[in-house]
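Coordinate-derived values only; no laboratory data. None of the values given here were measured: they were computed from a predicted structure. Glycine also receives a Cβ, built like all others from the backbone with ideal geometry; neighbour counts cover every protein chain displayed.
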């Protein structure tokens, strides 16, 4: 990740603010506010604003449940209770805003989370930066042969080199031709004074999907956790997981009590179906259970066994 | 509006905070943060948190439009441009949270605005306060005879007195019977030690719709303006308008530039249909236009004439 | 539930339609379309429109996953897979619309599900029907002494009679006074020709929360299941559960395959936290586990044991 | 637009359905149900399902306003009233589902409309079709010199030819290299039996933004109109407008009365600010108004004059 001089100056200016506020603050998050946390080769995440902290959740819950919350006498106990019983609205009382730089094909996954506010850099108005995502060789995975949307082993040697060259050459050539069509270079200078360039809204179609874009993305704490639960999961594509993992760190700094409950009940937890529950009950009683009698498919059976780390029972 | 000692202490504690933050602040809003602004007889609005200010809108717009915004060289010019052209996403970058005390029949109107986060006091968990809305005599309006959802003249004299008595007596009696069924008084004391009370979730059904409830209500700036546009309008019911007007003041303190643009383009503005435009064009040219030839209904014609203060043309 | 002559006629008219369509249909749901299914003393649910059926979910999934779905060769297998892995968007491709008559205090719980479309009978425009919910004696539960939002044993004898009388008398008196203030009876006739009535938007505040209202409520299949998961649960208040249970029946008729997966994975399933998983693993291995060493609270421990029906381990 | 044999067969099968339903139908829309309506060079729109018609809006409004709607005695009058006064909820009672094939750079604009349900073809699961958008020469517009996001004159001659060649060559080359990296051709055949291909989720990043994707897109009538208002507008990019215009036709077939009101009040209408209203009033009175005294910027002044076709007043 390379920031321009202007960007570095802007971040410094933002960080040098020392405002007085009557609002609650999150002191650990303040320490990294506006900081550009590097991700992938050219991407970053910056926390640029937030509202509320752990106490805001507790306060909202106490408004809802009134005198009913008196018995749960610690903030931590109450937040764990809310998380365990899927109470959602108190977590919506906190809000966070990120500035994210990310490849377009990842942006397309990300935007599917609809309950968020977004301002994306517009390639109708402005020229996109000359930056494309090129994977590290160690992330150059083959198609999985068992999972249609997964990755298999790493591609190495000549084949790896060839893939990386193709990605690089194609991104560079399409970008060069993008400039050519615009009759303008990425730094804003004109190529040929006697020509008029193609409209930006058209020329952009020539760029490849690994071109970087950027946006402001704002969401509430509940929806942030929904996002992280899916995108920090090992089933998520590596490239979006890289963002989710950095965001998990910001979650920890922002709302440490909620973070702990989230890791226990959501990230580390699992769901068990009605059929699954009855299998687990039998196993606890020491009864033998065979897949056939349960009506579960092999895939579902194995998912259950893996969830409870019963590796010897995986078929 | 009467606050309990506990509430007054809580507000004082909140207001005595002096936190340092790198976030942007809204200095005028800070001055009234947490303050209970009285509305109706027992209601109030308190701003309890916020995120962003006018500069956040500008910043989000500049991310979207990149170098494209350089030409609009003032924040005010840019915000007016965004408002005029219905650009919505930059306004979603600011967020505000209110604590509101309001009669249940108003809460039922309010909640229809779905793009907001709410934590309401739960009458399943706790006993509702013994407070009901009783209108001021000057707001005791008769049913309008021309508008099915509107108010006509004020009801006065004996009839007014009777209405107010009925409202008061019914609210007090149903509340007393609510306590009776709960076998518990509003202050939490038990009525009859030998009895067990009816479940709170059932007893509450005996309360009248003017009983006060309270909630935390959080929304973004765009949706706040959508709310205010409808609810601060003179067609809105007086009781919800009373809230909207106080909220308009908080909007002004929070984002003064946006407030000004909002008043000009939304609150003070009007929409004109295709047919309406062609009528206005003719009027500007000095041509005569009769309602009949336009295809407009009498109602629609009059709405247009009133919007442009052409009172002599109202039929 | 008593329908008016007009309502009965309207339902007959709607049901007598025999339209030809190229859209997919749900033949079991067609059989009860428009039917008023009675709930509580005066309430009902009617399915008044729907879009899609089980095949619509499969079709949407096949668009998303393309050739990737070929291996799952039955619709049922695919729908179960989607449900198990929390794929949400294919279930959003189906839509249903209900006409519901329900007490206001239940409507207030219901409306908290925001991802739905609602048209409610407006008491600003029209007079509400003279109908209130009065619980069956067998549902007249005492406040639970262990759960702040729950119900305990049934209230009987004199106390029950007294409660029912209070509810009935208060509802009737407040309704009578509502008519008095309106100067109009519920059937639209005027009470006193020489008076003008109070505005409807004001008079309504005198009604009790057990007064019935009605609305059209439309949502997609995903959000319907979210609603039912919470509201058909035994923690839900009896009165809303009564609606949810009838709606579960309509779900079964509409999308039978999805219904089955929903009952297995959601309604009958459970979530297990990271800590809970490690306890279950130990129990399966035959190890002893004491609550103290797990870090779980007594409440959380018991919830886990009850979920897996290990009643002897409940403390 | 070229459909595969499989697609043609699927459409025929869908269109040959003759189901009986008690639901309301929209007979004009039924005629084109499932039909692939061609857009751009390879794109299409198909209406694949719908719920409700004009009468559903009327019915929902009558539930809301009860006896209050009796006076408006035609469906058309009521729908116009609802549209004029921005009543939104009755329009949410209708739903429509489209199958759309469109270039990725247009999909990225489209998806910003969040209140919709989407199932997009996943390039993690499957290989994308070998189809890219190449503009017609007549749509090959230069960048506007006065509007940062607009188009200017058409690019012609050699320069046009060169642009089209660049677009074509780059799309073809990047697609060929996509196949190369996948070690698989678009028809599913393997290129080199001794190699394993790169994961699909990675290889896709090499494609250009004019590659076609497809999705199911479902929304309610209110949000469809919000979409069309923005995207059928002449400020919208030509390529998305091409879709919006075909969708306008489907709107007309589906809900003809609503369509007419929409064209009059939304598409053909305009908003006037408070300042704008006072200018119009003066013009109607025959007074002279100069831009300077109004406080309007030149841009805003001109927008107002153009809206009312006062071309001689444009500065």
*How big is D, in µm² s⁻¹, for chain B by Stokes-Einstein at 20 °C and 1.002 mPa s if Rh is the Kirkwood radius over C-alpha pairs?*
92
_Pseudo-label separations to other copies for residue A:278 - Cα-to-Cβ vector, 7 Å, nm_ = 3.1, 7.0, 7.6
*Hey, which residue of A has the C-beta nearest the axis mapping A onto D, and what's the distance in Å?*
A:114, 2
*asked:* What does the extension gain come out to for residue D:278 and residue D:136, with contour length at 0.36 nm per residue minus their alpha carbon separation?
replied: 46.6 nm
*Based on the Cβ-Cβ distance from residue B:298 to residue B:27, what FRET efficiency comes out when R0 is 35 Å, to the nearest 0.05?*
0.10
*For chain B, modelled as a GNM with alpha-carbon contacts under 10 angstrom, which of B:172, B:300, B:180 fluctuates the most?*
B:300
*If you line up the long axis of helix A:274-284 against the longest principal axis of chain A, both from Cα atoms, how many degrees apart are they, to the nearest 10?*
60
*Tilt of helix A:238-254 relative to the longest C-alpha principal axis of chain A, in degrees (0 to 90, nearest 10)?*
70
*For segment D:1-130, what value does the Rg/Rh ratio take when both radii are computed over Cα atoms and Rh is the Kirkwood radius, given to two decimals?*
1.06
*For residue A:154, place a label point 7 Å out from Cα along the Cα→Cβ vector, do the same in each other copy, and report the separations in nm, one decimal, smallest first.*
5.4, 6.9, 8.2
_Could you tell me how far the Cα centroid of segment D:207-221 sits from the Cα centroid of segment B:47-63, in Å?_
32
*Just A:160, A:107, A:274 to compare: in a GNM of chain A, with alpha carbon springs under 10 Å, which one fluctuates most?*
A:274
*Once you've got the GNM for chain C with C-alpha springs shorter than 10 Å, pick whichever of C:20, C:79, C:196 has the biggest mean-square fluctuation.*
C:20
*For segment A:180-315, go through all pairs of different Cα atoms, get the mean of 1/r, take its inverse, and jot down that Kirkwood value in Å.*
20.0
*Would you mind ranking D:164, B:29 by Cβ crowding within 10 Å, fewest neighbours first?*
D:164, B:29
*Order of A:156, A:282, C:275 from fewest to most other C-beta atoms within 10 Å?*
A:156, A:282, C:275
*asked:* Whole angstrom only: what separates the Cα centroid of segment D:262-293 from the Cα centroid of segment B:273-287?
replied: 10
*Got a sec? How would D:133, C:81, C:243, C:34 order by Cβ neighbour count within 10 Å, fewest to most?*
C:81, C:34, D:133, C:243
*Would you mind estimating how fast segment D:274-313 diffuses translationally, via Stokes-Einstein at 37 °C and 0.692 mPa s with the Kirkwood radius over Cα pairs, in µm²/s?*
323
_What whole-number distance in Å separates the alpha-carbon centres of segment D:242-257 and segment D:95-112?_
15
*When the helix-only estimate is applied to chain D (DSSP H runs of n ≥ 4, each -39,500 (n - 2.57), divided by the residue count), what is the mean residue ellipticity at 222 nm, nearest 500 deg cm²/dmol?*
-13000 deg cm²/dmol
*Pseudo-label separations to other copies for residue C:41 - Cα-to-Cβ vector, 7 Å, nm*: 2.9, 7.1, 7.3
*asked:* Please report the projected area of the protein assembly as shown's Cα convex hull averaged over all directions, in nm².
replied: 51.0
*What angle do you read, to the nearest 10 degrees and between 0 and 90, between the alpha-carbon axis of helix A:5-15 and the longest principal axis of chain A?*
40
*Could you work out the relative contact order of chain B, using alpha carbon pairs under 8 angstrom and six or more residues apart, expressed as a whole percent?*
21
*FRET efficiency estimate (nearest 0.05) - Cβ-Cβ, residue A:16 to residue D:154, R0 60 angstrom*: 0.75
*Expressed in whole Å with the largest first, what are the equivalent ellipsoid semi-axes of segment D:134-209 derived from the C-alpha gyration tensor as the square root of 5 times each eigenvalue?*
36, 14, 8
